[in-house]
1. What number comes out for the charge environment of SER209, summing +1 per Lys or Arg and -1 per Asp or Glu over other residues with Cβ under 11 Å away?
2. Summing Lys, Arg as +1 and Asp, Glu as -1, what charge do residues with Cβ under 9 Å from the Cβ of SER235 carry, SER235 excluded?
3. What are the residues whose amide H is under 5 Å from the amide H of TYR83, where those residues sit 5 or more places off or on another chain and H is modelled from the backbone?
4. Which aspartates and glutamates, if any, have their Cα less than 16 Å from the Cα of LYS303, not counting same-chain residues under 8 positions apart?
5. Going by the alpha-carbon gyration tensor, a ≥ b ≥ c the square roots of its eigenvalues, is region 196-336 rounded (a/c under 1.5) or, if a/c is not under 1.5, prolate (a/b greater than b/c) versus oblate?
6. For the chain, which cysteines have no disulfide-compatible partner, meaning no other cysteine Cβ under 4.7 Å?
7. Please list 135-145, 188-198, 277-287 highest first by mean number of surrounding beta-carbon atoms within 10 Å per residue.
8. Distance from the Cα centre of region 177-216 to that of region 13-74, in angstrom?
Amino acid sequence: MNIKNNYSLKNYNSFGVEAYSRYFSYIGSNDEIKALLEWHNQSELPLLLLGGGSNVLFKQDYQGMTAVIATKGIEVIDEDQYYTYVKVAAGENWHQLVRWSVNNGYGGIENLSLIPGTVGAAPIQNIGAYGVELADCFHELEAIDIASGTVSLFDQKACQFGYRDSYFKSSAFGNFLIQSVTLKFAKQPHWIMDYVGVKACLSGQPITSKRISDCIIQLRQSKLPDPLAIGNAGSFFKNPILSSNEWHQLKRQHPKVSAYPQAGGAIKVSAAWLIDHCGWKGKRFGDAGVYEKHALVLVNHGKATGESLWTLATQIIESVEGQFSITLEAEPRLIG
Ligand SMILES: Cc1cc2nc3c(=O)[nH]c(=O)nc-3n(C[C@H](O)[C@H](O)[C@H](O)COP(=O)(O)OP(=O)(O)OC[C@H]3O[C@@H](n4cnc5c(N)ncnc54)[C@H](O)[C@@H]3O)c2cc1C
C-alpha cells in the first residue's frame, strides 16, 4: 500500500474544491484493503473512504487517512429462472457498469445511467433517478467491519434502504467498507418509462434497456452540469417528505408547488421548486453558485472553497425555512 502525505484532494471530489488530506492512499486490491484497515487500526487516525468523490463536500482539510477504493471486477456468478446475478467490485465505475449491463442485454439499472461515482458507494445513499433506485435490483453486498475486520453479507433487508438513505448512511455510518455489490438483473425487465422526457425520447422506437439508457444520458446531459466542466455534486438537497396534513397546508398557500405522492400517504415535495421559488436559481457569490438550469445543484465556478459552498447552502436552507417552514437536508456527506 502506497501512502502519500499531505495530499491534495482537488482531483478526488467532483466539486473540485481544494482540501488536503494528512494521509492518502489509492486502494486497488483486496490485499490493499486489508493493509489499509491494519494501518488504520494501528494509527488510530480517522479513515475516510472515497469512491469517485461525487457525493462529498470538503469544508476543511481532512486530518486522517483518505483512501480511494478502486478495486475492479465484474462477474456473472449465478442465474435462475428469473434473474442473472452479477457481482461487482466496489471500485468499478457505476455508469460503466450500467453500459456493460445494457450492452449485454441485462435490464434493470438503465434509468440509473450517467450517475457519477463507484459501485461501492451506490448502496450508501441507495442511488436513484427516473423512478428507479439501486434497491430495485439489489441482491446483496459484502462489507468489512472496519473495527474488527470481519466480512459479512448484507441482504436487501439488512441494508435498510430508504429514500437516498441506508443502514450505512444512518445508524452504521462510517463503520463498514463495502467491498462488492451483487445485483440481480431480471430476465424480463420491467421498464420504467413514465417520465415525460423519457417517453418523448423513446416515442416510435423499439424499446430496449440500451435505448432507455441512451435517452436518460441525453436528458441528463441537457439538465445537469458535467463535473469535469463545472464542479458540483448533483442534487445538493434531498426532496423533503411531508405528511398529508403538512402537504395540504402547503398546497393551500402555494397551489403550484410540485410534489410526488409516496407509498403510505406521504408526499415528496420538489426541493428544486422551493429553492427556485425563493429566487436562488442562477445566483452566484464569488465562485460559489446555484446552477442556472437546476436550482437543486450547487456549483463551483472555479475557485470556490468548500466553506463558501456550505455558507451558500446554509443561506438557502434558511430562506426556504423562512418562506415555507420546511427544513432542507443536504444530500452529500459534509467533511469538516
Ligand atoms: C452530476 C451529478 C449527478 C448526480 N446524480 C445523482 C442521481 O441522479 N441520483 C443519486 O442518487 N445520486 C446522484 N449523484 C450523487 C453521486 O453520484 C452518488 O451519490 C454516488 O453514488 C456517489 O458515488 P462516489 O463513488 O462518488 O461516492 P463518494 O462521493 O466517494 O462517497 C460518498 C459516500 O460513500 C462512502 N463510500 C464510498 N465508497 C465506499 C465504500 N467502498 N465503502 C463504504 N463507504 C463508501 C463515502 O465515505 C461517502 O460517505 C450525482 C452526482 C453528480 C456529481
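Bear in mind these aren't lab numbers, they're just calculated from the coordinates by the rules spelled out. For clarity, every value in this text was computed on a predicted model and none was experimentally measured. Cβ sites come from the backbone with ideal geometry, for glycine too, and all protein chains shown count toward neighbours.
1. It works out to a net charge of +1.
2. Summing Lys and Arg as +1 and Asp and Glu as -1 gives +1.
3. When sequence neighbours closer than 5 places are left aside, the close amide H contacts are LYS187.
4. Output for LYS303: GLU18, ASP61, ASP287.
5. oblate
6. Isolated Cys, the chain: CYS137, CYS159, CYS278.
7. Highest mean packing first, the order is 135-145, 277-287, 188-198.
8. 32
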